[in-house]
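Everything below concerns the one structure shown next.
The values are calculated or read from the model by the stated rules, or taken from the named source; none is laboratory data. Nothing here was measured: the structure is a model prediction, and the numbers come from that model. Cβ placement follows ideal geometry from the backbone for every residue including glycine, while neighbour counts extend to all protein chains displayed. Note: accessible area is taken over every heavy atom of the protein model, side chains too, but ligands, DNA and RNA are not part of it. Shrake-Rupley method; radii C 1.70, N 1.55, O 1.52, S 1.80 Å.
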Amino acid sequence: MATKKPEQFDRVDWSELSESRRFDLSINSIGMLVATLPLALLWLYDYQFVGEREATFQAIGLSRNLDPLDYFFVFTLFLFFFYLILPLYQNPRMTRYYWKEFRRNRPAVVSLGWLGIVFVGGLIGPLLISAPEQSILTGHQPPVFLSIDEANVANCVGEVVNGRCQGTWQHPLGTTRGGKDVFAGIVYGMTISMQIAFITTTIVAAIGITFGTVSAYAGGWVDEVMMRFVDIILSFPTFLMFLLILYIYGAGLGMFILVFSAFAWGGTARYVRSKSLSVSEEEFIKATRISGASTYRVVRKHVVPNVASSIITQLTLLIPGFLLAEAQLAFLGIGDSAVPSWGQLISAGRSDLAFAPWIVLSPGIVLFLTILAFNFIGDALLDALNPEAEAESA
Amino acid sequence: MTEEPLLSVRDLKKHYPIRKGLLNRQVGAARAVDGISFDIAPGETLGLVGESGCGKSTAATSIVRLEEPTGGEVIFNGGGRSGATRNADGTHPNDVTRFDDRELKAFRRDAQMIFQDPSSSFDPRMSVGGAVAEMLQIHGMSDRHRRRAIVEDLLERVGLSPEDYDRYPHEFSGGQKQRIALARALVLNPELIVADEPVSALDVSIQAEILDLIADLQSEFDLSLLFISHDMSVIREICDRVAVMYLGEIVEIGPTDRVFADPQHPYTEALLSAIPTPDPRSTAEGIELTGTVPSPTNPPSGCRFHTRCHRVIQPDDVDLDQSSWRGLLNLRDALAADSVDVDQIRENFRTGTDTGATPDAVKGQIRREFDLEETISSDEMESLLDAALDEALGDDLDAAAATLSERVTTPCEERVPQRTSHEPGHESACHLHERDRSAPPNPADD
């Protein structure tokens, strides 16, 4: 405002302002729209004009193909950026406060670092490292600094010392029976794990929050019916459902994510409902209602953000369950063997455990650390995202 | 009253239905607010005082229509609505209870509210500046910078600094938060502010600061204030007029200095006597209200205060000491409610002495519990009481209650008292005054 117009509350001409009903979007929503639009257009192009077996970017000479899961993953990344990361930047005061609280929990900070590696590795790793390929001749190569009896290796890439094949930097974590590089497999597995983590979280959060707040605000028999439906969801045998779908339609990673997240939001919905009920009793909700805000605005701007901080913890603790479920299914040989997940890698090495334990151990340890990291972070978030408790003691 | 009042509340009611059973049938209602009427002139402060649970806060939320009132009218003449006359069908165009969504939203700009608990009246996840600016945004101000400029200016006016805009509620003390709450109530430039116990949660020293600030802002912006409190000393400080509420009804209303100097309703007397006086030689002792606090679900008949009133009226042919009379009424009500535990009293005697409880000792104990002397001054009443106590000792409480009810009745429980006008603008609803001056029932002061 260059003009020296005195800005005082008692000099506002409301009759002029309240008549103009302009659509008032936040920067975040604008950003989200701007980012999603090209994505949607690309998907439309892919869906309409690119052949079934052609890669998406064939027209410009790239062999990279995008399947629907990738589109959804990118979409969830946008959501994550515009509604979680950007707000942290926009409210530096709150961010500093959260960080101060979060930092107290050392294991959680280390965990955050580890998840950062997995995230970045999963995002840009596949661009830098070529996908692991079958190469029977170089099967069972040991990791670097380790060695294996020559008899187990068809063709040793490194030197052979005293009848033992030495590991090389070419395959830092060794290779599987089929000669796939374990390190590359783990990096590609990071992408899969991140896809599982982001997409399931988005689906569970979207359904859970909507269902929970609607149920809390509708009340009466609507509430009753919705909560009984949640009971059904919670008691549904998801695993059997998945097997059924698997035998009838076959099931890739997308189906796994869809089925498991479609039956995992029950707990979140219940939690959101009870939390919304308690939040809506608070005086600041009354204060917002007296300002003339619509119920939608109250829910969107006050109830959901206050509920969200508590369900972030719950969601963080939900992710390890999905990762483990995927690994278990892969290990059992149920699931899409074309998906280069950690579980597939583990299952690929289970018969060679006696002489080539790295095939199971490397992805196993990575999986273990990732799950541990999610648990630690969930714990630390529970403490950090609770400013009221701190205010009371101050 | 020649001038048009800013707010005029007529027979406002808010009943909460009590539902029970499988079919959720309504079995009763808690009459939180049961027909209150008052006016607030432009620039005036009206205090609404009463003990907790008497419906003060419900009255506030019903007036601003945070809750839908069950009945009555709330006529708001501010915000360019002045000079309206009633429609042909008797409804008033400025009746808040009939506003549609658009009118209600406009009304929100003209009437705002401050809440009691500063710790929960701000969203912990929104900066306080954002919380105040949100009001502007809701009413269509989409210019972010303008919002910020207005709020920063306002924060300064309530005694904070513009830098506080980005801070979060947990970084402020209770008094500071109440200042921000005041800023939030002011930011839409209202004409009426309803303050629901705005200083009750604060330290006494901070109370004074906030009250000063409210008074300053009020005179600067010519605000009308409905100030709700249970604290008579706070009311005296800030209010021009005061309305005393008891169990959903207004029992006395009048200019603050008149009500404080010459309270007309016994309940007001009792409230006033509870204010600590700084004079150590003052002999005025607090009036202790006996009897139980009635429930708004089932309010007492007649004058609602008769179950606790220290000046409850005696029938014409009875002339007892007032405290004995109160005791008799309390005993009668307790017997009727089955809340006199004779066995327990006997038991207490047994543990004290091994002689056991003689009937006389038990009777004496009951008399002491109800502030009745060994023998009360009226022979008739004494024999009646003795007979009732005998029946009570024989474990027949109903008969005892019936015996007492024959004679121990008060006009207060039979008729609802009319409003009596003592001087212009000072009214109370008490049988004592009706008797003194059989003034014609005064229509509400419009």
Quick one: is A:ALA391 surrounded by 15 or more Cβ atoms within 10 Å (Cβ to Cβ), touching a Ser or Thr at 6+ places or on another chain (Cβ under 9 Å), modelled with pLDDT under 90 and assigned to a helix (DSSP H, G or I)? yes
Name the residue that is surrounded by the most Cβ atoms within 10 Å (Cβ to Cβ), counting only residues in segment B:91-124 that are without any contact (Cβ under 8 Å) to a residue 12 or more places away in the chain and within 10 Å of chain A (Cβ to nearest Cβ). B:SER120
Go through (1) β-branched (Val, Ile, Thr); (2) modelled with pLDDT under 80; (3) in a helix (DSSP H, G or I); (4) not assigned by TED's automatic domain parsing to the domain that holds B:LEU389 for B:THR290 and report which single condition fails. (3)
Of the residues that make up segment A:114-134, is at least one of a type in the set (Gly, Ala, Ser), in contact with a Phe, Trp or Tyr (Cβ under 7 Å, 6 or more places away or on another chain) and open to solvent by 30 Å² or more (accessible area, probe 1.4 Å)? yes
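Quick one: would you say B:ASN348 is modelled with pLDDT under 80 and assigned to a helix (DSSP H, G or I)?
On the way: modelled with pLDDT under 80: yes; assigned to a helix (DSSP H, G or I): yes.
When the stated conditions are applied, B:ASN348 passes them.
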Taking first residues from segment B:338-362 that are outside the structural domain of B:ASP395 (by TED's automatic domain parsing) and second residues anywhere that are at pLDDT below 80, the pairs with Cβ under 6 Å that are 6 or more apart or on different chains are none
Subset of segment A:250-295 (residues that are among the acidic types (Asp, Glu) and in a helix (DSSP H, G or I)): A:GLU283
Looking only at segment B:179-193, decide whether some residue is on the phi < 0 side of the Ramachandran plot, away from chain A (no Cβ under 12 Å) and of a type outside the set (A, V, I, L, M). yes
So A:LEU86 passes all but one of these: (1) open to solvent by 90 Å² or more (accessible area, probe 1.4 Å); (2) touching a residue at least 24 places away in the same chain (Cβ under 8 Å). Which condition number does it fail? (1)
Right, A:ARG350: of a type in the set (D, E, K, R), part of a helix (DSSP H, G or I), more than 29 Å from A:PRO126 (Cβ to Cβ) and open to solvent by 20 Å² or more (accessible area, probe 1.4 Å) or not? no
Tell me the residue from B:GLY140, B:GLY175, B:GLY129 that is within 26 Å of the chain's Cα centre (by Cα) and either more than 10 Å from chain A (Cβ to nearest Cβ) or part of a loop (DSSP other than H, G, I, E, B) (or both), please. B:GLY175
Among the residues of segment B:293-319, what is the count of those that are surrounded by fewer than 17 Cβ atoms within 10 Å (Cβ to Cβ) and among the hydrophobic types (A, V, I, L, M, F, W, C)? 2
Per-region count, segment B:60-90, residues of a type in the set (S, T, N, Q) and open to solvent by 40 Å² or more (accessible area, probe 1.4 Å): 4
Picking from B:SER301, B:SER219, B:SER273, the residue that is assigned by TED's automatic domain parsing to the domain that holds B:HIS422 and farther than 18 Å from B:GLU51 by Cα would be B:SER219
With a cut-off of at least 1 residues that are modelled with pLDDT of 80 or more, name the helices (runs of 4 or more DSSP H) lying wholly within segment A:1-93. A:27-49, A:68-80, A:86-90
Out of all the residues in segment B:64-80, is one or more over 19 Å from B:PRO190 (Cα atoms) and of a type in the set (A, V, I, L, M, F, W, C)? no
Just name the residue that is most open to solvent (accessible area, probe 1.4 Å) out of those in segment A:275-329 that are among the hydroxyl-bearing types (Ser, Thr, Tyr) and without any contact (Cβ under 8 Å) to a residue 24 or more places away in the chain. A:TYR296
Exactly one of A:ALA287, A:ALA308 is in contact with a helix residue (DSSP H, G or I) (Cβ under 9 Å, 6 or more places away or on another chain), closer than 29 Å to A:ALA327 by Cα and within 14 Å of chain B (Cβ to nearest Cβ), and that one is A:ALA308
Looking only at segment B:383-402, count how many residues are modelled with pLDDT under 85 and either out of contact with any helix residue (DSSP H, G or I) (no Cβ under 9 Å at 6 or more places or on another chain) or assigned to a loop (DSSP other than H, G, I, E, B) (or both). 3
Just give me the residues in segment B:160-171 being more than 9 Å from chain A (Cβ to nearest Cβ), buried (at least 17 other Cβ atoms within 10 Å of the Cβ) and either more than 21 Å from B:PRO124 (Cβ to Cβ) or aromatic (Phe, Trp, Tyr) (or both), in sequence order. B:TYR165
Every residue from segment A:191-214 that is under 19 Å from A:PHE119 (Cα atoms), open to solvent by 20 Å² or more (accessible area, probe 1.4 Å) and of a type outside the set (Val, Ile, Thr): A:PHE198
Can you tell me which of B:ASP153, B:ASP212 is within 11 Å of another protein chain (Cβ to nearest Cβ) and at pLDDT 90 or above? B:ASP153
